[in-house]
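Asker: Please find one structure pasted underneath; my questions will follow.
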Ligand SMILES: Cc1ncc(C[n+]2csc(CCOP(=O)(O)OP(=O)(O)O)c2C)c(N)n1
Ligand SMILES: [Mg+2]
């Protein structure tokens, strides 16, 4: 047995079923070991999307996804994915090659100090310097990646260590770990704060979307009957159709949902992660904030909770609900605001205009997506509209990145979702800018034979930056580009493409695409004048 084979055995021991990436010659022992293993090697056309896919595996399953690259150039291409997983708290393992470390026959050719490069981008980065250490190192890597707060781990396997013969060292069997539940005093204190509140609100943050938490969160909200809102990444953690949903804080202030936030005297913030653009700005005189999380809060200029309940969130919430159920006369104090907030948000969602308004696009997408359908967003202006307007009924059915907020992850994350859930509808929504950053992965998707629809919002521009430019009073400059003909582009990959050509085309075109199966590219023009009209003018007027 050589080092590469031992590494692959250790990955099998962790239940790894697939590895995404682009190998180089330094990985050839590893590739050979994979060939003779139960693990599938899924080639991508660039390392960055391989990391986005592995991270999304971690996000959706709670188990680290694994990606692979060669040394230097390939490994550097993983760095954006590392940042995506680190900020987004997605468990992921990155394995990269390296020249031999026992001799240096190619001098410094392609050698970059990747462990140093990855150190600030990961929870742990290690070079494997001896085959003997592999079982312990791999076990530790998976534990570190998976435990709260989850994130990426980097292992570098030099080619001579990969090729070196090692004794068959026993692997370490994984076992489940239950983190501790919040202590009694913290539970009592939190219960007391909530009991005393005149106008409480629950806020669900990014960590509320951990896959294993969905049930206990919904249960908590239903038992307490306190209305809730969510951050962008906390979306979907509790049934959005629930009569207690009061909105999504896609902007930091002044949106309709802030009418409730501003009137609250207590915000029970569950799993808020300050990597997100602030859902509201804390200030003196504002509501008290109770942080409930796996880990203590991180204090920022705009977020410094006055109380904390730290522990395994699901079981801790069950204990808290036990102390409070049926004992909160003020639970629904802010609920009367709900209808007005949701009515404003839904404005112009059924308007027949061409090009389509972002509100109409969100509305039509919701129509064709079943409750368990998954929408994966890239990053652009439409993200604010989807976060604000899309209603979710099932946990993790709107995947967006409000942490690194990188462009280019929409398509790869959708491919991963489609691989994991072949029987659910999966839709990637991308801007024409973000889509073209990783559109080459259409070939990967086609090769994998997934069912997937990609909706491209075409404004021939980096629309979001153009909007910011206008909001800040700059001249409209430097944000426009040309595009390929997306229908022809789809055909070049052997895929189907369609164009939305009228105000009422989008829903039927998407429906047809999903019915047919396979991969479809649908492009639609979008009327982004709504960005200024609603998100700036209307909200400013409403606030004053
Ligand atoms: C990798 C990366 N580069 C740049 C940015 C900054 N940025 C944020 S949104 C955006 C424009 C996105 O354009 P597009 O994908 O066409 O979406 P649109 O806003 O036009 O709908 C840019 C350049 C980013 N978030 N990520
Ligand atoms: Mg655009």
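The values are calculated or read from the model by the stated rules, or taken from the named source; none is laboratory data. This structure is a prediction, so every number in the text was calculated from the model and none was measured. Glycine gets a Cβ as well: all are built from the backbone with ideal geometry, and neighbour counts include every protein chain shown.
Asker: Residue 106: modelled with pLDDT under 95, in a loop (DSSP other than H, G, I, E, B) and in contact with a helix residue (DSSP H, G or I) (Cβ under 6 Å, 6 or more places away or on another chain), yes or no?
Answerer: no
Asker: Does residue 507 meet the test of being part of a helix (DSSP H, G or I), within 30 Å of residue 343 (Cβ to Cβ) and over 28 Å from the mean Cα position of the chain (by Cα)?
Answerer: Values: part of a helix (DSSP H, G or I): yes; within 30 Å of residue 343 (Cβ to Cβ): yes; over 28 Å from the mean Cα position of the chain (by Cα): no.
When the stated conditions are applied, residue 507 does not pass them.
Asker: Select from segment 422-443 the residues that are under 15 Å from residue 489 (Cα atoms), more than 16 Å from ligand 2 (Cβ to nearest atom) and out of contact with any helix residue (DSSP H, G or I) (no Cβ under 6 Å at 6 or more places or on another chain) and list them in ascending order.
Answerer: 440, 442, 443
Asker: Turning to a different aspect of this structure: Tell me whether segment 269-279 contains one or more residues that are touching a strand residue (DSSP E or B) at 6+ places or on another chain (Cβ under 7 Å), under 19 Å from residue 306 (Cα atoms) and free of Cβ contacts under 8 Å to residues at least 60 places away in the same chain.
Answerer: Going residue by residue through segment 269-279, those that are touching a strand residue (DSSP E or B) at 6+ places or on another chain (Cβ under 7 Å) are 269-272, 274, 278-279.
Okay, now just the ones that are also under 19 Å from residue 306 (Cα atoms), so 269-272, 274, 278-279.
Those still in the list that are free of Cβ contacts under 8 Å to residues at least 60 places away in the same chain too: 274, 278.
Within segment 269-279 (the criterion being touching a strand residue (DSSP E or B) at 6+ places or on another chain (Cβ under 7 Å), under 19 Å from residue 306 (Cα atoms) and free of Cβ contacts under 8 Å to residues at least 60 places away in the same chain), the answer is yes, since at least one residue qualifies.
Asker: List, please: which pairs have Cβ atoms under 6 Å, are six or more places apart or on different chains, and start with a residue in segment 115-130 that is in a helix (DSSP H, G or I) and end with one that is surrounded by 21 or more Cβ atoms within 10 Å (Cβ to Cβ) and modelled with pLDDT of 95 or more?
Answerer: 115/125; 115/156; 118/125; 118/154; 119/125; 121/82; 121/86
Asker: Mind listing whichever residues of segment 370-382 are under 19 Å from the mean Cα position of the chain (by Cα) and either away from ligand 1 (no atom under 16 Å from the Cβ) or buried (at least 23 other Cβ atoms within 10 Å of the Cβ) (or both)? First the steps, then the outcome.
Answerer: The initial filter retains those residues of segment 370-382 that are under 19 Å from the mean Cα position of the chain (by Cα), namely 371-382.
Selection gives 371, 372, 373, 374, 375, 376, 377, 378, 380, 381, 382.
Asker: Hey, another quick one. For segment 5-83, which strands (runs of 3 or more DSSP E) that fit wholly inside it have 1 or more residues that are without any contact (Cβ under 8 Å) to a residue 24 or more places away in the chain, over 20 Å from the mean Cα position of the chain (by Cα) and surrounded by fewer than 24 Cβ atoms within 10 Å (Cβ to Cβ)? Please lay out each step first, then the result.
Answerer: Numbers: elements: 18-22, 40-43, 65-69.
Of the strands (runs of 3 or more DSSP E) lying wholly inside segment 5-83, those with at least 1 residues that are without any contact (Cβ under 8 Å) to a residue 24 or more places away in the chain, over 20 Å from the mean Cα position of the chain (by Cα) and surrounded by fewer than 24 Cβ atoms within 10 Å (Cβ to Cβ) span 40-43.
Asker: Now, a different point. Mind telling me which of the residues 462, 528 ends up being under 27 Å from the mean Cα position of the chain (by Cα), within 16 Å of ligand 1 (Cβ to nearest atom), modelled with pLDDT of 95 or more and within 19 Å of residue 410 (Cβ to Cβ)? Outline the logic, then answer.
Answerer: On the way: 528 fails: modelled with pLDDT of 95 or more.
Going through 462, 528 in turn, the sole match is 462.
Asker: Kindly provide the set of residues from segment 299-309 that are out of contact with any strand residue (DSSP E or B) (no Cβ under 6 Å at 6 or more places or on another chain) and either closer than 22 Å to residue 191 by Cα or part of a strand (DSSP E or B) (or both), ordered by number.
Answerer: Pass one, segment 299-309, residues out of contact with any strand residue (DSSP E or B) (no Cβ under 6 Å at 6 or more places or on another chain): 299-304.
Result: 300, 303, 304.
Asker: Just the residues that are touching a residue at least 24 places away in the same chain (Cβ under 8 Å) and near ligand 2 (Cβ under 10 Å from one of its atoms), please, taken from segment 452-465.
Answerer: Filtering segment 452-465 down to residues touching a residue at least 24 places away in the same chain (Cβ under 8 Å) leaves 452-464.
Result: 456, 457, 458, 459, 460, 461, 462, 463, 464.
Asker: For segment 110-131, name all the residues that are more than 28 Å from the chain's Cα centre (by Cα) and exposed (fewer than 15 other Cβ atoms within 10 Å of the Cβ).
Answerer: Across segment 110-131, the qualifying residues are 111, 113, 129, 130.
Asker: Would you pick out the residues in segment 514-528 that are farther than 11 Å from residue 459 by Cβ and out of contact with any helix residue (DSSP H, G or I) (no Cβ under 7 Å at 6 or more places or on another chain)?
Answerer: 515, 516, 517, 518
Asker: For residues that are buried (at least 24 other Cβ atoms within 10 Å of the Cβ) and either away from ligand 1 (no atom under 16 Å from the Cβ) or without any contact (Cβ under 8 Å) to a residue 12 or more places away in the chain (or both), tally how many sit in segment 413-444.
Answerer: The number of residues fulfilling the criteria is 5.
Asker: Quick one: would you say residue 540 is loosely packed, with under 13 Cβ neighbours inside 10 Å and closer than 25 Å to residue 384 by Cβ? First the steps, then the outcome.
Answerer: Working: loosely packed, with under 13 Cβ neighbours inside 10 Å: yes; closer than 25 Å to residue 384 by Cβ: yes.
Criteria met by residue 540.
Asker: Check segment 509-522 and report whether any residue there is over 30 Å from residue 43 (Cα atoms) and within 16 Å of ligand 2 (Cβ to nearest atom).
Answerer: no
Asker: Of the residues 475, 490, which single one is surrounded by fewer than 16 Cβ atoms within 10 Å (Cβ to Cβ) and either more than 15 Å from residue 536 (Cβ to Cβ) or within 16 Å of ligand 2 (Cβ to nearest atom) (or both)? Break it down into steps so the answer makes sense when it comes.
Answerer: On the way: 490 fails: surrounded by fewer than 16 Cβ atoms within 10 Å (Cβ to Cβ).
So the residue among 475, 490 that is surrounded by fewer than 16 Cβ atoms within 10 Å (Cβ to Cβ) and either more than 15 Å from residue 536 (Cβ to Cβ) or within 16 Å of ligand 2 (Cβ to nearest atom) (or both) is 475.
Asker: What tally of residues in segment 195-247 results from selecting those that are under 22 Å from residue 311 (Cβ atoms) and buried (at least 21 other Cβ atoms within 10 Å of the Cβ)?
Answerer: Restricting attention to segment 195-247, the residues satisfying the condition of being under 22 Å from residue 311 (Cβ atoms) are 195-197, 200-224, 226, 228, 230-231, 233-234, 237-238.
Those still in the list that are buried (at least 21 other Cβ atoms within 10 Å of the Cβ) too: 197, 200-210, 213, 217, 220-221, 224, 226, 228, 230-231, 233-234, 237-238.
Summing the residues that are under 22 Å from residue 311 (Cβ atoms) and buried (at least 21 other Cβ atoms within 10 Å of the Cβ) in segment 195-247 gives 25.
Asker: Would you say residue 449 is surrounded by fewer than 18 Cβ atoms within 10 Å (Cβ to Cβ) and more than 16 Å from ligand 1 (Cβ to nearest atom)?
Answerer: On the way: surrounded by fewer than 18 Cβ atoms within 10 Å (Cβ to Cβ): yes; more than 16 Å from ligand 1 (Cβ to nearest atom): yes.
Taking the combined requirement at face value, the residue satisfies it.
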